[in-house]
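Peer 1: Below is a structure I'd like to ask you about.
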Amino acid sequence: MDEINRGEISKIFGELFFSIDPSYRGEKGLVKTQYQNLITDESDPFYEGFYVPENVYIIGTMNDIDRSVESMDFAMRRRFAWVEIKANEHTAMLDEKLTDMKEEIIQVMTRLNAAIWDEENHTGIEGLSPAYHIGGSYFSKLALYLDNERTHKEAAYKHLWENHLKGVLFEYLRGTANAMENLEMLEQVYYQKEEKDDIEG
C-alpha cells in the first residue's frame, strides 16, 4: 500500500484489520469474511476462513504533514513499526539521471532545508519542522529541464523553483505569520548568489 493517508484505513483493510495484527497472524487468526462463500474448492488453504500468513509484510508510506492527517488511530500504530525517513537520507533517486550533479543538488537542498528548519541550531521558520524539508524526489525533477550536455542549468533550477518548489512551500506557509516574507526568504536562499555563480560556470 502506498500513501496510506490517502485512503480510509478502515475501508481499505475492512475485516482484515484484525488479521494483520501480529498477535493474530497465521491460522490462529482465521476469520470468516463476507466473501467466504465464494471459495468452493475444499483444497483451497482459505476454504475454512481467511488469515494473513506470518511471512507477509505490508509496507506503506505516508506524508505525516499532509493536512488530511490529523492523527493516526492507535490501533493502526500498534499493528505496524514506524520509521521516519528524512529528506537528507533519501537522495538515491538523483543517481538515475543526475549523478554528475548530485553533490551540487544536495548542497542546494541542504541549504534550503536549513532555512526551513535547522535541526542542529533549532532555527528556521516558526511552525515548521524537519518534516517540512524538501527531499530528493522534488529535486530529481531537474532532469525534466536539462539536456545531456547540462547546458542552461540556471534555467533548469528556475523551472524547478517556479513549477515545483514554490507551490509546495507556499502551501507549507499558508496561514502562518509572515508567509510571503518567508517564501521570499526561501527563494533567496535557493537562489543564493554563490550557487548561481557555480551553476552559470
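Peer 1: Does GLU126 count as in contact with a helix residue (DSSP H, G or I) (Cβ under 6 Å, 6 or more places away or on another chain), at pLDDT 90 or above, open to solvent by 60 Å² or more (accessible area, probe 1.4 Å) and under 25 Å from LEU183 (Cα atoms)?
Peer 2: no
Peer 1: Another question, then. Could you list, in sequence order, the residues of the range 152-184 that are of a type in the set (Val, Ile, Thr) and open to solvent by 70 Å² or more (accessible area, probe 1.4 Å)?
Peer 2: Passing the criteria: none in range.
Peer 1: What helices (runs of 4 or more DSSP H) lie completely within the range 140-201 and have 3 or more residues being hydroxyl-bearing (Ser, Thr, Tyr) and at pLDDT below 95?
Peer 2: none
Peer 1: If VAL56 satisfies all but one of (1) more than 28 Å from the chain's Cα centre (by Cα); (2) modelled with pLDDT of 85 or more, what's the number of the condition it fails?
Peer 2: Unmet condition: (1).
Peer 1: Okay, moving on. Suppose we filter GLU187, GLU149 for residues that are open to solvent by 50 Å² or more (accessible area, probe 1.4 Å) and farther than 22 Å from ALA87 by Cα; which single one remains?
Peer 2: Sole residue among the options that is open to solvent by 50 Å² or more (accessible area, probe 1.4 Å) and farther than 22 Å from ALA87 by Cα: GLU149.
Peer 1: If the requirement is being open to solvent by 70 Å² or more (accessible area, probe 1.4 Å), among the aromatic types (Phe, Trp, Tyr) and within 21 Å of the chain's Cα centre (by Cα), which of these qualifies: TRP82, TRP117?
Peer 2: Only one candidate qualifies: TRP82.
Peer 1: Hey, could you check the range 12-42 for residues that are polar (S, T, N, Q) and open to solvent by 90 Å² or more (accessible area, probe 1.4 Å) and say which is nearest to ASP73 (Cα to Cα)?
Peer 2: Of everything passing the filter in the range 12-42, GLN34 is nearest to ASP73 (Cα to Cα).
Peer 1: Report, ordered by the first and then the second residue, all pairs with beta carbons closer than 6 Å, sequence separation of six or more or different chains, a first member in the range 39-61 that is more than 15 Å from SER19 (Cα to Cα), and a second member that is assigned to a loop (DSSP other than H, G, I, E, B) and open to solvent by 90 Å² or more (accessible area, probe 1.4 Å).
Peer 2: From residues that are more than 15 Å from SER19 (Cα to Cα), the pairs are THR61/ASP2.
Peer 1: Next up: I need every pair where a residue in the range 11-24 that is among the aliphatic types (A, V, I, L, M) has its Cβ under 8 Å from the Cβ of a residue that is surrounded by 14 or more Cβ atoms within 10 Å (Cβ to Cβ) and part of a helix (DSSP H, G or I), sequence separation at least 6 or different chains.
Peer 2: If the second residue must be surrounded by 14 or more Cβ atoms within 10 Å (Cβ to Cβ) and part of a helix (DSSP H, G or I), the pairs left are ILE12/ILE4; ILE20/PHE13; ILE20/ARG79.
Peer 1: Might you check whether a residue that is modelled with pLDDT of 85 or more and not aliphatic (A, V, I, L, M) occurs anywhere in the range 61-81?
Peer 2: Looking through the range 61-81, none of the residues is modelled with pLDDT of 85 or more and not aliphatic (A, V, I, L, M).
The values are calculated or read from the model by the stated rules, or taken from the named source; none is laboratory data. Here the structure is a predicted model, which is why all the values come from computation and not from measurement. Cβ atoms come from the backbone with ideal geometry, glycine included; neighbour counts cover every protein chain shown. The area values use the complete protein model at the heavy-atom level, side chains included, leaving out ligands, DNA and RNA. Shrake-Rupley method; radii C 1.70, N 1.55, O 1.52, S 1.80 Å.
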